[in-house]
Amino acid sequence: MQSPRYYTPIFKRRSPRLGPEILKTVGLSLVLAVGIRSFVAEARYIPSGSMLPTLAINDRLMIEKISYRFHPPRRGDAIVFYPPAALEAENIGPTLIKRVVGLPGETVTLQEGGVYINGELLEEDYLLAGEFTDLDLCYVIQPEKTPYLSQPVTIPPDSYLVLGDNRSGSYDSRCWGVVPADKILGRAAVRFWPPQRAGGLNQEVPPIPSSDTFLHSQNDD
């Protein structure tokens, strides 16, 4: 007569192996994730107040990288870019965000606290009331250098003049120069954090009449 068992036999289970299909799925997911971040869009946050009141510190943005494959940056776009050569020695970055104000071939002048494009005052409704665009901050940050916009400047081809919306607290093109097109990472398209301020960032900026100084190689669309 067999004695009853007072235990449950334990059988060692084989660990599932990562088969070829699982490895392919994981690999494809990684490739897609890297591809989307490199060529489509990526998230960024705002570390400073240079774009106030439009963007606040710690706002989270989605930067899209598709549209500039079909058309050049437009006036009013908030762009994210890598520091141009004029800033590389200053250890600024790794990326910055400013608003496109001047386009290739346009002549930009600072006068009486305003920005003039080809002799026409640029209306900037994204600025705080009473905000002036001057060179005071440039002389504070780089007293040994002459600010880029200390005199009228015609923007070179494939380059953009960018300013922060917080003119009294933004170190931008007024001081150090323009941003080459190949330094632009993408356009700030959507704020997704904080939730109460989520939404698009597009601003309708009045067009500036063209003049003889405008390079017609610039695409208009």
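Reported count of residues in the stretch 41-70, each being assigned to a loop (DSSP other than H, G, I, E, B), closer than 25 Å to Leu127 by Cα, out of contact with any Ser or Thr (no Cβ under 8 Å at 6 or more places or on another chain) and not small (Gly, Ala, Ser), is 8.
For the structure I just gave you, tell me whether Leu61 is more than 20 Å from Leu161 (Cα to Cα), modelled with pLDDT of 90 or more, in contact with a Leu (Cβ under 9 Å, 6 or more places away or on another chain) and among the hydrophobic types (A, V, I, L, M, F, W, C). Answer is yes for this residue. For the residues Asp182, Asp165, Asp134, Asp125, the requirement of being assigned to a helix (DSSP H, G or I) and either charged (D, E, K, R) or buried (at least 20 other Cβ atoms within 10 Å of the Cβ) (or both) singles out Asp182. Selection of the stretch 111-167 for residues being among the hydrophobic types (A, V, I, L, M, F, W, C) and in contact with a helix residue (DSSP H, G or I) (Cβ under 8 Å, 6 or more places away or on another chain) yields Leu127, Phe132, Leu135, Leu137, Cys138, Ile141, Leu149, Leu161, Val162, Leu163.
Taking the criterion of being part of a strand (DSSP E or B), crowded, with 21+ Cβ neighbours inside 10 Å and under 14 Å from the mean Cα position of the chain (by Cα), the residues of the stretch 71-122 that qualify are Ala78, Ile79, Phe81, Leu96, Ile97, Lys98, Arg99, Val100, Val101. Taken over the stretch 137-156, the criterion of being loosely packed, with under 15 Cβ neighbours inside 10 Å and within 23 Å of Leu103 (Cβ to Cβ) is satisfied by Ser150, Gln151, Pro152, Thr154, Pro156. Pairing residues of the stretch 131-158 that are over 19 Å from Gly169 (Cα atoms) with residues that are charged (D, E, K, R), at Cβ distances under 7 Å and at least 6 apart in sequence or on separate chains, gives Ile155/Glu106.
The values are calculated or read from the model by the stated rules, or taken from the named source; none is laboratory data. Note that this is a predicted model, so its numbers are computed, not measured. So basically every Cβ, Gly included, is an ideal-geometry build from the backbone, and we count neighbours across all protein chains shown.
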